[in-house]
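The values are calculated or read from the model by the stated rules, or taken from the named source; none is laboratory data. Remember, predicted model here, so these are calculated numbers, not experimental data. No Cβ is skipped: glycine too gets one built from the backbone with ideal geometry, and neighbour counts run over all protein chains shown. Remember, those area values only see protein heavy atoms, side chains included, never the ligands or the DNA or RNA. Shrake-Rupley method; radii C 1.70, N 1.55, O 1.52, S 1.80 Å.
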Amino acid sequence: MRIFICYRREDAAGHAGRLYDQLASHFGADSVFIDVAGIEAGADFVSVIDETLARSDAVLVVIGPHWLAVQSDDGSRRIDQPDDYLRREIASALERGCHVIPVLVRQSTMPQPADLPDSIEELGHRNAIEVSETRWHSDVERLIRNLHMAIPDSRPQGALWWLDPSNWPSLTFDWIFSGLAILLVTAGYFDAWINRRLPVPWENALVHAAWLLITLCLAVTGTIRWLRTKRLERVIPQGYLVSVIGCAVFAVGILSAGWWSLLFGLEVPGIPAIFRPPNVIEIAGGGLIVTGPLRAALVRREIQAGPTALISAMLLLATVTFFSQFDHPYVNAWAFDRHHLPKNYDFVGEELGALGLFMQAAIVTGTILFVLRQIRLPPGSIALMLTSTAALVCMQLGLFQFIAVAAVVGLLGDLMLVWARPSSNRLLQLRAFAAAIGALLPTAYLLEVWFTKGTYWPADVVYGTIAVCGAIGWLMTFLVFPDRHTAKAAAVLWPPGP
């Protein structure tokens, strides 16, 4: 199937480019044409467009709110000019019998046949598909399904068809990679669980096997893409370069573990295992690996995170949190457990407990803000990210009551995000949202402890910890969104209000 994207630059250039990216990731870049990507410098663009239209099966006419009203220098509508390139493209497509689909963007409406020149009047009778910013992913997937139904795929559909990644739906590779990334992170937490209970020589086997599967997945996919295209820039799936780097970093951690053991002895269970440099390298590599589906969504110019991008964000939070286990409130509950400290050493438990809550507030708010700078989060995202991460952390010592705490904070965070609707002219609401998340984490945690176990912390420590965590959330916004110009550059934020 060959697809031609027709658009007017003054009207919908950005949306046409974004549509091209997502269609190219599904059908392959060789099967989708847009003038800015398909015409080389110095080429006769009229001839190229005519030749491409002659080979096209479908023509997508991207229509924005100014599509019909764009004027020529003399003040007349450009669409009425016989030499208007857009008009010629549409007329040629209709004359050749191409499957022409109007694609409405930016809340535009379909032009009436009477408003169109005679040569393209038929366009006004075509059924249009609306692609909105809030439903961009699902609307484009619907467009892709319509294209498949309208135009039979002439490629072979044999048993080996699925071995060619170019035949996969746009998110199939993301789903496969996400599944392997879930296995990697879960295996890491299982490794930590085993390390705490029954250290065995094979405790790293599962996480290393997951890394190997991810590496093989990328290597096999890259090899097939190279054999198909013979172009180096097509070897790595779009958005997955950082994941490839992460696999290499993870391999360095695995290889360095051997000589580190020779120099400094075998791994000691507990806190030394978390801070062991080869393990820290592996954690860093894992953090890079799991961002693949999120970065792929960004390459497709998705405004709102789809399922795989959200899974990627969730795994990023879980990976960063993994390193904080040495003093995480859901693992070492210093608020009610003195860990056999003498009573006159309560200050040690207060310090470690407060520091753990400070670190949790920084990690959670920092990760959420980082993701928000890249892509918009749909309702329920924060609850999913916090609850699933809490489940992995709580299983370490069986403190499962804190899963509900994380879920409550997540749901409240989702409600506050809907209220905040952060944008370049609502930075105060964004900062208030982050401060509230930071303060809610210790508040919900300490309330649960107070109701079920009781706490030996004095009021000053309790309320001071909550206040500092809120301040940490507030300060994290200045790292991620230091000013209004940065927020404007993050185009995935909500549009500025009136």
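Overview of results
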read-out: Summed side-chain charge close to THR477 - residues other than THR477 whose Cβ falls under 14 Å, Lys, Arg +1, Asp, Glu -1; value: +3
read-out: Over the range 395-493, volume per residue of the alpha carbon convex hull, in Å³; value: 118
read-out: Residue-level accessible surface for TRP419, protein heavy atoms, 1.4 Å, Å²; value: 140
read-out: Kirkwood hydrodynamic radius of the chain, from inverse mean 1/r over distinct Cα pairs, in Å; value: 25.6
read-out: Volume per residue of the C-alpha convex hull in the range 285-351, rounded to whole Å³; value: 106
read-out: Whole-Å semi-axes of the range 241-349's equivalent ellipsoid (Cα gyration tensor); value: 33, 23, 7
read-out: Positive-end residue of ALA219, ILE245, THR229, charge dipole of the range 197-250 with Cβ unit charges; value: THR229
read-out: Relative contact order (%) - the range 246-289, alpha-carbon pairs under 8 angstrom, separation at least six; value: 65
read-out: Whole-number percent relative contact order across the chain, with pairs defined as alpha carbons under 8 Å at least 6 apart; value: 11
read-out: Mean-position separation - Cα centroids, the range 443-467 and the range 172-241, in angstrom; value: 40
read-out: The range 77-144: relative contact order in percent, alpha carbon pairs under 8 Å with at least 6 residues between; value: 30
read-out: Separation in nanometres of the label points that stand 7 Å from Cα toward Cβ, at VAL48 and THR452; value: 6.3
read-out: Surface share of carbon and sulfur [accessible, 1.4 angstrom probe, percent] for the chain; value: 64
